[in-house]
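Notes to accompany the following structure.
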Amino acid sequence: MIISACGSDDTLIDMIPDDNAVPPGTPGSITCKIDGENFSASGVLATGDLAFTGEFYVLGIAGVDFIDQDTVGLVLVVSGNGFGTLMEGQVITGTGDIINNPLAAGEVNINQLPAKEVAATSLETDVATITITNLDRDNELISGTFSLEGLDPDTNTTVIVTEGDFTDIPYN
């Protein structure tokens, strides 16, 4: 792939069209509002992963979007004891203890050219909710809704994520 620009002030983000917005509920997508700004990731920019250590599992869902001059990354994590106990309709919060109740967490990373960076995590606030709306174990797809409040302890920046939706994210 070759990327070229006409002006000397162009950046890579300037060259990426902002037409990747998808409506909530689109298969293979993650959408939400981050501090009131629309976020959407789909296709190769929205993915999941499932890892095990004995009976303990970590299910990660991640997406990347380009908002104005920012590269925004969103990571959601559900971890617990026994993946077989995760069920449709289950509401997981940031106050679980992993052994008896699954734990939900999320992080928002905002990188702005030339140098601004925010890494706000719900592990600093314990405010995260993920609701599993569909769990297709045969095809390894998961759907749900989410919200969170993250804090970057280095910059004392709070980030609020609302209206979150992930639909048919592969987690293989």
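For residues that are more than 13 Å from the chain's Cα centre (by Cα) and within 25 Å of Ala21 (Cα to Cα), tally how many sit in region 143-158.
1
Do you know which of the residues in region 115-142 that are of a type in the set (Asp, Glu) and not in a loop (DSSP other than H, G, I, E, B) is farthest from the chain's Cα centre (by Cα)?
So, considering only residues that are of a type in the set (Asp, Glu) and not in a loop (DSSP other than H, G, I, E, B), the one farthest from the chain's Cα centre (by Cα) is Asp136.
So that you can scan it fast, the table gives a plain yes or no per residue for (1) farther than 17 Å from Ala62 by Cα; (2) surrounded by 14 or more Cβ atoms within 10 Å (Cβ to Cβ); (3) aliphatic (A, V, I, L, M); (4) out of contact with any Lys or Arg (no Cβ under 7 Å at 6 or more places or on another chain):
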site: Asp97; (1), (2), (3), (4): yes, no, no, yes
site: Pro102; (1), (2), (3), (4): yes, yes, no, yes
site: Ala105; (1), (2), (3), (4): no, yes, yes, yes
site: Ser122; (1), (2), (3), (4): no, yes, no, yes
site: Ile130; (1), (2), (3), (4): no, yes, yes, yes
site: Asn139; (1), (2), (3), (4): yes, no, no, yes
site: Ile142; (1), (2), (3), (4): no, yes, yes, yes
site: Thr158; (1), (2), (3), (4): yes, yes, no, yes
site: Asn172; (1), (2), (3), (4): no, no, no, yes
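Considering (1) closer than 18 Å to Ile110 by Cβ; (2) of a type in the set (Ser, Thr, Tyr); (3) out of contact with any Pro (no Cβ under 6 Å at 6 or more places or on another chain), say which one Thr31 fails and leave the rest.
Condition not satisfied by Thr31: (3).
Which one of these does Thr145 not meet: (1) assigned to a strand (DSSP E or B); (2) in contact (Cβ under 8 Å) with a residue 40 or more places away in the chain; (3) of a type in the set (Val, Ile, Thr)?
(2)
Could you grab me the full set of residues in region 77-92 that are assigned to a strand (DSSP E or B) and surrounded by 13 or more Cβ atoms within 10 Å (Cβ to Cβ)?
Val77, Val78, Ser79, Gly80, Asn81, Ile92
State whether one or more residues within region 57-72 are within 17 Å of Ile132 (Cβ to Cβ), assigned to a loop (DSSP other than H, G, I, E, B) and either of a type in the set (Phe, Trp, Tyr) or without any contact (Cβ under 8 Å) to a residue 40 or more places away in the chain (or both).
no
Looking for whichever is within 28 Å of Ile98 (Cα to Cα) and either surrounded by 14 or more Cβ atoms within 10 Å (Cβ to Cβ) or at pLDDT below 90 (or both) here; the options are Gly25, Gly54, Gly7. Which one fits?
Selected residue: Gly54, the only one of Gly25, Gly54, Gly7 that is within 28 Å of Ile98 (Cα to Cα) and either surrounded by 14 or more Cβ atoms within 10 Å (Cβ to Cβ) or at pLDDT below 90 (or both).
The values are calculated or read from the model by the stated rules, or taken from the named source; none is laboratory data. Note that the structure is a prediction, hence the values are computed from the model and not measured. Glycine also receives a Cβ, built like all others from the backbone with ideal geometry; neighbour counts cover every protein chain displayed.
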